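The values are calculated or read from the model by the stated rules, or taken from the named source; none is laboratory data. Computed from a prediction, not measured in an experiment: that's the story for all the values here. Cβ sites come from the backbone with ideal geometry, for glycine too, and all protein chains shown count toward neighbours.
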Amino acid sequence: MTDLFIYAAAGFMVWMCLDCIQRREHFIWIIIMIILFPVGAFAYFFVVKNRAGGAAGKAGTTSPTPIRKEIETEETLQLKQLIKQYNKAYHYEKLGQTYSEQKKFDLAIPQFEEAIKKDPEMLEARYGLAKCFHGMGNYEEAAVALEELTAIDKKYDYGNAIFGLAESYRLAGNEEKALEKYGEVINSFHFFKAYYHYANLLDKSGKKQEAIDYMKNIIGSSKDLPDYKLEKERFWIDEAYKFLRKNGVELA
């Protein structure tokens, strides 16, 4: 009988742990359930699961799911304390990066903006701001942030900043500016993705032969790549082959 109770309690605890993960509740609940077995699982059931279930039942199926308050991490709390004490651009930028890594772009953006206000030369904050806008699909705002960044340092992040600017223009539908920036990218950096989109934009603007030549350039350049680089660029090489075959160009 005792063994049966232990198995049942263990099964119940696993169920509650899975529920905790699914609801994205604080991990401390899992620790409580394991340490205070089996009392912790029952505590979770009545404090969290049962309460949430009851609230959903009362609200009905058409009511929106309540938004759970975000729990700050130890790192974000420490950074906020440092900001309160010193009010430095560096700490704002680090807090922005932390939120950005957690995909909390709406929380990261004000931190980057404050860092830039305090130190306009803080390029990491400008880059982080652009990445947040890009991650949210706000490509026009991402382009503005990257314009300001590349005006200070055109080669920032080994060319990825100006490449990101070209991408932002393209995704925002500004193909003329995108074509211009992709041209700048491929003149200085060998990003196959940049070559591919540059060629595609040339094709869309009626310059098919130029587009074909750039697609051939991708394939020709790929023959000299080391294996690790070849694997990284494989997708764009294959896309270049598809473009050429679609336009009746067969390569030996």
Working only within the range 110-136, note down all residues that are touching a residue at least 24 places away in the same chain (Cβ under 8 Å) and either outside any helix (DSSP H, G or I) or among the acidic types (D, E) (or both). E114, D119, E121, M122, E124, M136
Boolean, I83 is at pLDDT 70 or above, β-branched (V, I, T) and closer than 30 Å to Y127 by Cβ: yes
I need a count of the residues in the range 118-158 that are under 21 Å from S188 (Cα atoms) and out of contact with any Lys or Arg (no Cβ under 7 Å at 6 or more places or on another chain). 14
Of the candidates V249, V185, the one satisfying the condition of being surrounded by fewer than 17 Cβ atoms within 10 Å (Cβ to Cβ), touching a residue at least 24 places away in the same chain (Cβ under 8 Å) and either within 25 Å of E113 (Cβ to Cβ) or aliphatic (A, V, I, L, M) (or both) is V249
Checking A178 against (1) of a type outside the set (S, T, N, Q); (2) on the phi > 0 side of the Ramachandran plot; (3) touching a helix residue (DSSP H, G or I) at 6+ places or on another chain (Cβ under 6 Å), only one condition comes out false. Which one? (2)
Residue check for S168: surrounded by fewer than 21 Cβ atoms within 10 Å (Cβ to Cβ) and either of a type in the set (S, T, Y) or touching a residue at least 40 places away in the same chain (Cβ under 8 Å) (or both): no
Flagged pairs (Cβ under 6 angstrom, 6 or more apart or on separate chains; first in the range 145-159, more than 16 Å from I116 (Cα to Cα); second modelled with pLDDT under 95 and surrounded by 14 or more Cβ atoms within 10 Å (Cβ to Cβ)) are G159/F189
What about E140, is it part of a helix (DSSP H, G or I) and acidic (D, E)? yes
Check Y86, Y156 and return the single one that is of a type in the set (S, T, Y) and crowded, with 16+ Cβ neighbours inside 10 Å. Y156
